[in-house]
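J.: Structure incoming, see below.
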Amino acid sequence: KKNAMNIIKNKDMNFCFIHFSIPHLPGLHCTKTKIMSQKIGFYSENLILMDKTITEIRQELEKSNMWDESILILTSDHWLRNCFWKTTHLKLTKEEEALCNQRKEALVPLIIKMPHQKKAISYDKPFNAIAVHNLVLDIYNDKVSNEKDLVSWFDNLDDDLKTPCPNITY
């Protein structure tokens, strides 16, 4: 995490990819003590840790006067898989299970913050998450530079990227 924070505040860096394995198991964060823990905790405790980490990233970018100019893409490698929790000895809390049961389709979380963006935009048309690869390339090549470009980019995806992948289990 310390190395990631040093990379984030490096103004000579024009692109960085940082992977945090949270909120994957094992549980790393203990909400009761608010410290890192060696025990296997609940999935939601790791989500709290992820939220804390994202907050720290934002604070570091703000402190370095880089927040407004930065593009942030937050995503995951897969959705919250209810089937996983039903087949493991680890169990979700009742609240986590209720959250997991709210959505039947496989949606990968995606949050994108564009430079100087002041308000949230909710994009509700389906698309295949693999499109993010092409998006990053188009951002890097200055084809997408603000939230208006971003919405237009998603609206103009090739047909094969407008359809989410079939429900893959792994």
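The values are calculated or read from the model by the stated rules, or taken from the named source; none is laboratory data. All figures in this text were calculated on a predicted structure; none of them were measured in a lab. Every residue, glycine as well, gets a Cβ built from its backbone with ideal geometry; the counts of neighbours run over all protein chains shown. These area figures cover heavy atoms from the full protein model, side chains too; ligands, DNA and RNA do not enter into them. Shrake-Rupley method; radii C 1.70, N 1.55, O 1.52, S 1.80 Å.
J.: Kindly indicate the residue of the stretch 96-112 that is part of a loop (DSSP other than H, G, I, E, B) and modelled with pLDDT of 75 or more and also nearest to residue 154 (Cα to Cα) among those meeting that condition. Give the steps one after another, and end with the answer.
T.: The first filter runs over the stretch 96-112 and keeps only residues part of a loop (DSSP other than H, G, I, E, B), leaving 102-109.
Next, from what is left, pick out any that are modelled with pLDDT of 75 or more: 102, 109.
Working: 102: 25, 109: 15 Å.
Out of the qualifying residues, it is 109.
J.: Related question: So which residues in the stretch 8-22 are farther than 21 Å from residue 46 by Cα and exposed (fewer than 12 other Cβ atoms within 10 Å of the Cβ), if there are any at all? Show your work before the answer.
T.: Narrowing the stretch 8-22 to residues farther than 21 Å from residue 46 by Cα: 8-16.
The answer is 11, 12, 13, 14, 15, 16.
J.: Of everything in the stretch 40-73, what is more than 15 Å from residue 9 (Cβ to Cβ), hydrophobic (A, V, I, L, M, F, W, C) and assigned to a helix (DSSP H, G or I)? Give them in sequence order.
T.: Once the filter is applied, which keeps residues that are more than 15 Å from residue 9 (Cβ to Cβ), hydrophobic (A, V, I, L, M, F, W, C) and assigned to a helix (DSSP H, G or I), the stretch 40-73 yields 47, 48, 49, 50, 54.
J.: Within the stretch 55-62, is even one residue modelled with pLDDT of 90 or more, open to solvent by less than 60 Å² (accessible area, probe 1.4 Å) and among the aliphatic types (A, V, I, L, M)?
T.: Yes, there is a match, as at least one residue in the stretch 55-62 is modelled with pLDDT of 90 or more, open to solvent by less than 60 Å² (accessible area, probe 1.4 Å) and among the aliphatic types (A, V, I, L, M).
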